[in-house]
């Protein structure tokens, strides 16, 4: 309403956020939180394995250092940039919600930032001082201790960010408390942390094994030994990851129930939720198989054998994130702001006046038979475009054709009956905010869209049209004097 | 009111987010400027460092010591870039909080370019690592190796234009209505001179960093270089700083002249003049260091150059903030007043809502089926018609199944299962009350 609408009409706006966020979470979990303790542990094993006259097994140490190099490069490039990228994409797609969240969570994110800066400094020191620490046993052990310290620091970033994530899923709290403390105490916090921690360790171990197979020669003793140890790492974390996943899986519907205005799970959620079950079972069995194979027949472990479980376990996390996102619907901030970025409390006003009148950027304010379609396009942009496209992913024509039959001409009357009530049956949808005329306009627009398949350009391409009711002229007329008076 | 009459009709006055700032504005501003200056220093070391690496590696084709020098600087770039990114998050958060409407609007209007920063910088970072780690391996493919860093430098030179365009565009809501994508926003006045001043600043900061880096006692210059001495490297640093300062002076002047009048006042000009003087002072010291005839004399200038540069950065940052406040002041006041008025309007509408009863289409002609019919229309009619299949089966079929089983129908509506293979599953309606369910079933079962 108050921001120019950035819109990707094919890819879907939320997809952009999801892609960036999921890459970031995977790198954060698999290559930082879970990987660093794994590397530190192996570095320590390298010292243990060396004879009395040596500081460490150097061949071993070099391999672990190389593995760390990959982790270091990826986390400080793709990892760091996707982290910033989440801010960028969310600001583009969902400015009202992220703006509101920052105003309340400023300190939480500031703290997160300090921990994040510390983490980057520590990870750089850990990696860059590796070789110089190899001079004496004392400095080597100090380096290993440093690695342990770094592991804890990265885990702490997770402790904080999970709290922010949990808060966003927590029903109603926004309106009552607005404090981060709620993030820590809400019912989904502990399950999430308990799930994410061992899964990160698991991912770190599987990714580590992939690197081992890439960096060592086939059948070399080094490979056999590192693979076997890696197998033990994976095997010891898998049961904990399974327990965490089940705990989280069981806690999720509770959060879901409380969040949904109508207290039911939708079919779509049930579908995701079912898939998740198979993923939990699949990922667990696969990890156990990989681990057992690695311990039992390490000489037979190779790149192709590891890459499949590696991708699957990373995908496992991805689907969990998807479900977590879904739990939030129809809100983006529970009980406060719907996923169309409109505040629940303003609905009464929009119902009364219509939304176009209050929109800062729209090319139509008063709907007439001549501008009906154009008006509908504006209403679509303002109320649907955060999740739906005209022709791309999750397109509006597609969702209606799915209901009323593929290729059949859409019936305006049915759509007009459906839209004002869709949130009753499809509880993940926010209620339609507009008035009756706007409903007719959007229905006419969707109907025309089915025929023309024209695409809808966002503000980044088309620019914006300022609503004459919301321009400077009106503002000065209405508030100019009071602003002057208040200054005196 | 100083409002340009021609622009009032195309200048939007949006509403702000109706939430208080998390802390006093002065503190937020302090955090913004402080964290931004830290961030920008590392950005300058990253951009300047990669430019110098490229320049030195090319010179290194003829003189091996330059190649070694390029390698040494390349090693600092990959560290400084990590700092630049993480330190950037705090000012980003702060500007988002303080200037929510302005910053996000500018972001959206230049959306594609703004997003492209992420993949572009990621690629540039990966290139700097590739360049650093293949220095020896690609020693015999020097031109190819140089082109890796050249590509990274190119990206590093493009990205600041996107940032500058955004922080510039956010100051001019009266222009938003005319912007169509990044390129049109790039051509707004003041962006280009500020960009060129920034490139000068990158060289300035990198030059003085090189002086410090090579002056550290623990840094063993004689083991690294064939002919370059510590003093030779310091002179190189001062040379780069002097060139950078020269560019800053020239383009700084153009920045000042081309500054749109909107945000200027005497304080802004005062601060900018102080900044300009600091630049000249820094240049004077830097020149003295460069032309000194021995290392000792040269070293004496180090702190003078460094402090005057840091002082300039602080003053310049302050003048930008002052300009920003001045430029947006009136607009922000109007926006705040409007936000307040909207909140009241919304509250009033909430207190006397358009009632739900009005939403029900009661048709008196239907008698005791009227309410059921209206409820059916509201909740069911988008999927069910009387005689034909729509999304779900027609009412007639329901009547056949549930004729003597009202409870069965109610249970189904509350929590449906999946019966028909070729139909999508029906969502549940547990939100309907018992009375509503009775009305609906009464209506459904009345259809013959």
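Taking the C-alpha atoms of segment B:40-165, how large are the radius of gyration and the largest Cα-Cα span, Dmax, in Å?
16.5, 53
Below 8 Å between Cα atoms, with a sequence gap of 6+, how large is the relative contact order for chain B in percent? Numbers along the way, then the final one.
Values: 537 pairs, mean separation 59.7, N = 448.
Computed value for chain B: 13 percent relative contact order.
Once you've got the GNM for chain B with C-alpha springs shorter than 10 Å, pick whichever of B:169, B:183, B:223 has the biggest mean-square fluctuation.
Of B:169, B:183, B:223, the Gaussian network model singles out B:223 as fluctuating most.
Highest mean first, how do B:142-154, A:154-166, B:385-397 rank when packing is the count of other Cβ atoms within 10 Å averaged over residues?
Working: B:142-154: 17.6, A:154-166: 19.9, B:385-397: 15.4.
Those peptides, ordered most packed to least, come out A:154-166, B:142-154, B:385-397.
For residue B:229 paired with residue B:351, estimate the spin-label separation in nm (one decimal), with each label point 7 Å from Cα along the Cα-to-Cβ line.
8.4
Just how far, in whole angstrom, is segment A:286-326 from segment A:206-238 if you go by their alpha carbon centroids?
Answer, in whole Å: 13.
With the Cα gyration tensor of segment B:311-400 in hand, convert its eigenvalues to equivalent ellipsoid semi-axes via √(5λ) and list them largest first in whole Å. Mind dumping the intermediate values first?
Values: eigenvalues 722, 85, 11 Å².
Sorted largest first and rounded, they come to 60, 21, 7 Å.
Residue by residue through A:474-482, how many Cβ atoms from other chains fall within 10 Å of the Cβ on average?
Values: counts 5, 14, 7, 1, 5, 9, 6, 2, 5.
Counting other chains' Cβ atoms within 10 Å and averaging over A:474-482 gives 6.
Can you give the average number of partner chain beta-carbon atoms within 10 Å of each beta-carbon in peptide A:104-115, as a whole number? Spell out each step's value before the answer.
Details: counts 3, 3, 9, 2, 1, 7, 8, 0, 2, 8, 2, 0.
Neighbouring Cβ atoms belonging to other protein chains average 4 per residue here.
Whole Å is fine, so just give me how far the alpha carbon centre of segment A:51-80 lies from that of segment B:356-420.
Segment A:51-80 and segment B:356-420 have Cα centres separated by 67 Å.
What share of all Cα pairs of the protein assembly as shown, in percent, falls into each consecutive 10 Å distance bin?
Percent of Cα pairs in each bin: 2, 10, 18, 21, 19, 15, 9, 4, 2, 0, 0.
Which whole-angstrom value gives the distance between the alpha carbon centres of segment B:243-262 and segment B:113-154?
Centre-to-centre (Cα) distance: 31 Å.
Relative contact order for segment A:344-487: what percent, with Cα pairs under 8 Å and sequence separation of 6 or more?
Values: 149 pairs, mean separation 52.9, N = 144.
Value for segment A:344-487: 37 percent.
With each run of n ≥ 4 DSSP H residues scored as -39500 (n - 2.57), what mean residue ellipticity at 222 nm is computed for chain A after dividing by its residue count and rounding to the nearest 500 deg cm²/dmol?
Values: 21 runs with 338 residues, N = 488.
Helix contribution divided over all residues of chain A: -23000 deg cm²/dmol.
When a footprinting reagent is the concern and you count Cβ atoms within 10 Å, what order do A:464, A:144, A:393 take, fewest first? Show your work: numbers first, answer last.
On the way: A:464 24, A:144 19, A:393 16.
With the fewest neighbours first, A:464, A:144, A:393 line up as A:393, A:144, A:464.
Relative to the longest principal axis of the C-alpha atoms of chain A, give the angle of the C-alpha long axis of helix A:58-74, reported between 0 and 90° and rounded to the nearest 10°.
Between helix and principal axis, roughly 10 degrees.
Taking Cα atoms, how many degrees apart are the long axis of helix B:230-258 and the longest axis of chain B, rounded to 10 and kept between 0 and 90?
Relative to chain B, helix B:230-258 is tipped by roughly 50 degrees.
When chain B is modelled as a GNM with alpha-carbon springs shorter than 10 Å, which of B:113, B:374, B:289 fluctuates the most?
Looking only at B:113, B:374, B:289, the largest GNM fluctuation is found for B:374.
Over the whole of A:413-426, what's the average partner chain Cβ count within 10 Å per residue? Rounded to a whole number, please.
The mean count of partner-chain Cβ atoms within 10 Å per residue comes to 4.
Calculated from DSSP H runs of 4 or more alone, at -39500 (n - 2.57) each and per residue, what is the 222 nm mean residue ellipticity of chain B, nearest 500? Numbers along the way, then the final one.
Values: 18 runs with 324 residues, N = 448.
The helix contribution divided over chain B gives -24500 deg cm²/dmol.
Can you give the relative contact order of chain A as a percent, counting alpha carbon pairs under 8 Å and 6+ residues apart? Before the final figure, lay out the partial values.
Values: 660 pairs, mean separation 100.6, N = 488.
Over chain A, the number comes to 21 percent.
Can you tell me the 0 to 90 degree angle between the C-alpha axis of helix A:189-215 and the longest principal axis of chain A, rounded to 10?
Long axis of A:189-215 versus the principal axis of chain A: about 50 degrees.
Read-outs: derived from the displayed coordinates by stated rules, not from any lab. If you're wondering where the values come from, they're calculated on a predicted model, not measured in any experiment. In this analysis, Cβ positions are derived from the backbone assuming ideal geometry, glycine residues included, and neighbour counts consider all displayed protein chains.
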